[in-house]
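Engineer: Take a look at this one; I'll ask things after.
The values are calculated or read from the model by the stated rules, or taken from the named source; none is laboratory data. Keep in mind the model is a prediction, meaning the values are calculated, not measured. Positions of Cβ are generated from backbone atoms using ideal geometry, with glycine treated the same way; all protein chains shown enter the neighbour counts.
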Amino acid sequence: MLKLFGSGDIKKAVKNHFDTVGDLSGETVVDLPAGTGVTSQILKDHGAQVLAFDLFPDFFKVDGLSCSIADLNNPPLSLDDDSVDRLICQEGIEHFQDQLKVLKEFARVLKKDGILYVTTPNISHVRARISNLLVESELYKRLPANELDDIWLAQDGKVYFGHIFLLGIQRLRTLAALSGLELTRVLPVRISWSSFLMGLPLYPLLILTSFYAYFNNNRKQKSVSDKVKKKVYWEILKLNIHPTVLFGKNLFVEFKFVGNEGHYESVSAGFKAPTPVDDIKK
């Protein structure tokens, strides 16, 4: 779902979501990176036990809460396994060097069926895709990420990278799946009108090419069971043509931690045994 009007600030979308969720009493929720504490305050107001972390905790200012230092470029977090009900990584994943390691760390601390929220600038929307074609940047009026513009803060030997590590919805989905996190839904954000106006005439072509790629992959990939292929490829296809992904200002995505018997393991189990080389020669 897309919000047509109102604030484009992702914090507003996050607040609207937790207002819908309602009471969080009895739940432990991690806010990371917590920044100044806007989202931590929202979580606290909904009754959650909030654990706030940030690379620079001195900026955090919420009465009754403290913020611990955490450098997700060098985990682990100071949290026990299976100890967290929800975790929100708001506008943070694009700043981490090893995003697979980060997502595995999130999975480690989440309880079974715990929820991870990720928000990040949307480089999967139409305007960003066109900008990448023109100047290899998420915005056509900016140069690509570089060492001059994208070291946002360096202090006490800690470096806060800018948008060097931006990732789209498909890469985020894949890295999450490899970490035992299953994508459950794309949450509402404000529309990017430029993406909408650019993308509306292209939408039929996007649908056609996405379905073509879907059927082509199903036909070519012989080593995976049909059931597993349908699950994975259909999820990818839906994201390729999802209106909120194509036209939303930000990505706001919800994952569920499914554990050791989760998505990645079920996919691995779907691979058929390869034919021995000796048999091929015969």
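Engineer: Consider only pairs whose beta carbons are under 6 Å apart and that are at least six residues apart or on different chains; among these, list those whose first residue lies in the range 222-238 and is more than 23 Å from Ile207 (Cα to Cα) and modelled with pLDDT under 95 and whose second residue is among the aromatic types (Phe, Trp, Tyr) and not in a helix (DSSP H, G or I).
Structural biologist: Pairs found: Ser223/Phe271; Val224/Phe271.
Engineer: Here's a check for you: in the range 133-182, which residue that is out of contact with any His (no Cβ under 7 Å at 6 or more places or on another chain) and part of a strand (DSSP E or B) is nearest to Ile241 (Cα to Cα)?
Structural biologist: Ranking the candidates gives Leu181 first.
Engineer: While we're looking at this one, here's another question. Can you tell me which residue is nearest to Val14 (Cα to Cα) among those in the range 32-59 that are among the acidic types (Asp, Glu) and more than 19 Å from the chain's Cα centre (by Cα)? Don't jump to the end; show me each part of the working.
Structural biologist: Here is the first cut: in the range 32-59, the residues among the acidic types (Asp, Glu) are 45, 54, 58.
So of that shortlist, the ones also more than 19 Å from the chain's Cα centre (by Cα) come out as 45, 58.
Details: Asp45: 13, Asp58: 23 Å.
Taking the candidates together, the pick is Asp45.
Engineer: Within the range 42-60, which residues are over 23 Å from Pro121 (Cβ atoms) and of a type outside the set (Asp, Glu)? Spell out the reasoning first.
Structural biologist: We begin by selecting, within the range 42-60, every residue over 23 Å from Pro121 (Cβ atoms); these are 44-51, 57-58.
Matches in the range 42-60: Lys44, His46, Gly47, Ala48, Gln49, Val50, Leu51, Pro57.
Engineer: Mind checking which pairs have a first residue in the range 2-26 that is closer than 14 Å to Lys44 by Cβ and free of Cβ contacts under 8 Å to residues at least 60 places away in the same chain and a second that is part of a helix (DSSP H, G or I) and among the hydrophobic types (A, V, I, L, M, F, W, C), Cβ under 6 Å, 6 or more apart or different chains?
Structural biologist: Between residues of the range 2-26 that are closer than 14 Å to Lys44 by Cβ and free of Cβ contacts under 8 Å to residues at least 60 places away in the same chain and residues that are part of a helix (DSSP H, G or I) and among the hydrophobic types (A, V, I, L, M, F, W, C), the close pairs are Lys15/Ile42; Phe18/Ile42.
Engineer: Also, quick follow-up: Of all residues in the range 183-228, count the ones that are under 30 Å from Lys104 (Cβ atoms), among the hydrophobic types (A, V, I, L, M, F, W, C) and part of a helix (DSSP H, G or I).
Structural biologist: Total meeting the criteria: 2.
Engineer: Where residues in the range 236-248 are in contact with a helix residue (DSSP H, G or I) (Cβ under 7 Å, 6 or more places away or on another chain) and part of a helix (DSSP H, G or I), which of them is farthest from Ser210 (Cα to Cα)? Show your work before the answer.
Structural biologist: Of all residues in the range 236-248, those in contact with a helix residue (DSSP H, G or I) (Cβ under 7 Å, 6 or more places away or on another chain) come to 236-237, 239-241, 245-247.
Next cut, part of a helix (DSSP H, G or I) only: 236-237, 239-240, 245-247.
On the way: Ile236: 9, Leu237: 6, Leu239: 10, Asn240: 7, Val245: 14, Leu246: 13, Phe247: 16 Å.
Here the residue is Phe247.
Engineer: While we're here: Among the residues in the range 79-96, are any assigned to a loop (DSSP other than H, G, I, E, B) and without any contact (Cβ under 8 Å) to a residue 24 or more places away in the chain? Explain how you work it out, then say what you get.
Structural biologist: The first filter runs over the range 79-96 and keeps only residues assigned to a loop (DSSP other than H, G, I, E, B), leaving 79-83, 91-92, 96.
With the extra rule that they be without any contact (Cβ under 8 Å) to a residue 24 or more places away in the chain, the set shrinks to none.
No, that holds for no residue.
Engineer: Looking at the range 20-74, which of its residues are within 12 Å of Gly92 (Cβ to Cβ), hydrophobic (A, V, I, L, M, F, W, C) and part of a strand (DSSP E or B)?
Structural biologist: Val30, Phe53
Engineer: Please work out which residue is surrounded by the most Cβ atoms within 10 Å (Cβ to Cβ), limiting yourself to the range 106-151 and to residues that are touching a residue at least 40 places away in the same chain (Cβ under 8 Å) and farther than 26 Å from Pro188 by Cβ.
Structural biologist: Val109
Engineer: Scan the range 44-57 for residues that are in contact with a strand residue (DSSP E or B) (Cβ under 7 Å, 6 or more places away or on another chain) and free of Cβ contacts under 8 Å to residues at least 40 places away in the same chain and jot them down.
Structural biologist: Lys44, Ala48, Gln49, Val50, Leu51, Ala52, Phe53, Asp54, Pro57
Engineer: Starting from residues that are charged (D, E, K, R) and exposed (fewer than 15 other Cβ atoms within 10 Å of the Cβ), keep the ones in the range 72-95 and report whichever is farthest from Gly114 (Cα to Cα).
Structural biologist: Step one: of the range 72-95, the residues charged (D, E, K, R) are 80-82, 85-86, 91, 94.
Next, only the ones that are exposed (fewer than 15 other Cβ atoms within 10 Å of the Cβ) stay: 80-82.
Details: Asp80: 14, Asp81: 12, Asp82: 9 Å.
By that ranking, first place goes to Asp80.
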